[in-house]
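Taking it in order: structure first as structure tokens, then the write-up.
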Amino acid sequence: MGLFKRGSTKLTYGMFDLARDATEAKRLHTCERIYHKGQVLAWDGKELLPELLAKHRGVHVAPEKRHALKRVFAIILWGELAAWKISAQLADGLVPLEAKMAATSQAFDEARHFYTMYDYLTELGYVPERLDPAPEALLNHVLETDDLAAKLLGMQLLIETIALAIFQEVREANVDPVLSELMKYFERDEARHVALGVQYLPSLFRDMSRAELIKLSLFQAKLVGYALWENKVLEPDFKQLGINPRRILDRARAKQMAAVREAWRTLGWDVDSQRGVVMPLIGATVELMFPTERTRGSRRARLGAAWDALTKPLETDPNALDIHDTHRIRTARGEVVEGAVTDSAASEPARAAAN
Ligand SMILES: [Fe+2]
Ligand SMILES: [Fe+2]
């Protein structure tokens, strides 16, 4: 009879029995829409990139910018692979059907981002090589953690928002017209991935103890530390591309705040007034490591800015994520999809993903 004895199973039979209140049901419904939206908005990199190359008659990157562009986008390339692996881990690990669907749709998007970015970099003459220690450590930490909340926070709210800030800067600086057009397609997808974190993280937070939340804050601080180190390493490359490294940080932070504000609000936590310890410390570190035009020449001004970051609320654009959903794209089905029209009434990242 031992032959028929039933052991443990990875099939989550209880996934439909999970209790959910009205707010959580609404958030999970948005996760389900992320999956369907991903299907409708999927584009074909094998069709798009050759078309863009033909339209612009190849890549046009100034010779003095090529090396810097390859350095920055090598991190993006391997970041896309990490995002593909991490979203596949989440698709396996998240239990509710709708969150699992959204993560699965992300894995599909990230596979497309990875091969399209590889094809683009091949046009630039990029030969794959190992990353600098800082970006590699940042990606490794999120890849290797078994904690789903840490994985979701690290990928969806931190790495995705940094990538979005870089994409936006590179597109606006118009380093290469092919890349600028490509970025619009990437941005629309990545904004949906941020929305998964915004919608599902509150469900994970709700069941966490205070000690677990503190551990998560420390994990977040470590990731931000690696991200700041990475930005420092890339500082000369960004400058070579005509991009202000401090503005990338400011934009990434504004996007993170927009996402975090929305996620935490469902738990009754106002991040603007209840700032905790980690956020002010990160703000002060940014002021010391990446001075602005105003504070660059003066130690006193830098220390003053760091003190302000420790003691005053951080003012960021609450609509910082909206821009990524405004791009017009052509899908793999050949349909042209207009971008969302943004106004203050449609400012929430969650709404951007759900529309
Ligand atoms: Fe991606
Ligand atoms: Fe992504």
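Annotations for the structure displayed:
- Rounded FRET efficiency, nearest 0.05, which uses the C-beta distance separating Trp269 from Ala173 and R0 of 41 Å: 0.70
- Here the ratio of the Cα radius of gyration of the range 76-136 to 2.2 N^0.38 Å is 1.30.
- More than 38 Å apart - percent of Cα-Cα pairs taken over the chain: 16
- Pair Val336, Ala42: separation of 7 Å Cα→Cβ label points (nm): 2.4
- For the range 108-122, Karplus couplings with θ = phi - 60° (6.51, -1.76, 1.60), whole Hz, Gly/Pro x: 4, 5, 5, 4, 5, 5, 5, 5, 5, 5, 4, 4, 5, 5, 4
- Between Arg20 and Asp308, residue separation times 0.36 nm minus the direct Cα-Cα distance comes to 99.6 nm.
- Per-residue ³J(HN,Hα) for the range 172-185, Karplus 6.51 cos²θ - 1.76 cosθ + 1.60, θ = phi - 60°, Hz, x for Gly and Pro: 5, 6, 6, 4, 8, x, 5, 5, 4, 6, 4, 4, 4, 5
- Computed over the range 142-272, the range of Cα coordinates on each principal axis works out to 47, 30, 27 Å, biggest value leading.
- Length released on extending from Asp132 to Lys239, taking residue separation times 0.36 nm less the Cα-Cα span: 36.7 nm
- Inter-site label distance for Glu51 and Thr122 at 7 Å from Cα along Cβ, in nm: 2.0
- Estimated [θ] at 222 nm from DSSP helical runs (n ≥ 4, -39500 (n - 2.57)) normalised by residues in the chain, nearest 500: -21500 deg cm²/dmol
- Added length on full extension, which subtracts the Cα-Cα distance from 0.36 nm per residue, Leu213 to Arg328: 37.5 nm
- Each of Gln156, Gln199, Leu310 was scored by the projection of its Cα onto the charge dipole of the chain, and the greatest displacement toward the positive side belongs to Leu310; charges sit on the C-beta of Lys, Arg, Asp and Glu.
- Over all other residues within a Cβ to Cβ distance under 10 Å of Tyr126, the charged ones net out to +1, with Lys and Arg as +1 and Asp and Glu as -1.
- Computed from backbone phi with θ = phi - 60° and the Karplus coefficients 6.51, -1.76 and 1.60, the 3J(HN,Hα) list for the range 146-163 is 8, 7, 5, 5, 5, 5, 5, 5, x, 7, 6, 9, 9, 5, 4, 6, 5, 4 Hz; x is used for glycine and proline.
- Of Lys65/Lys151; Lys151/Lys184; Lys70/Lys255, those spanning more than 28 Å from alpha-carbon to alpha-carbon: Lys65/Lys151
- Three-way shape call for the range 166-240 based on the alpha-carbon gyration tensor, with the a/c threshold at 1.5: oblate
- Span per principal axis, largest first, for the Cα atoms of the range 222-355 (Å): 55, 42, 26
- Residues Asn140 and Arg300, FRET efficiency given R0 of 45 Å [Cβ-Cβ distance, rounded to 0.05]: 0.70
Just so you know, all these numbers are worked out from the coordinates, no wet-lab data involved. Predicted model only: the values in this text are computed from it and were never measured. All Cβ positions, even for glycine, are placed from backbone atoms using ideal geometry, and neighbour counts span all protein chains on display.
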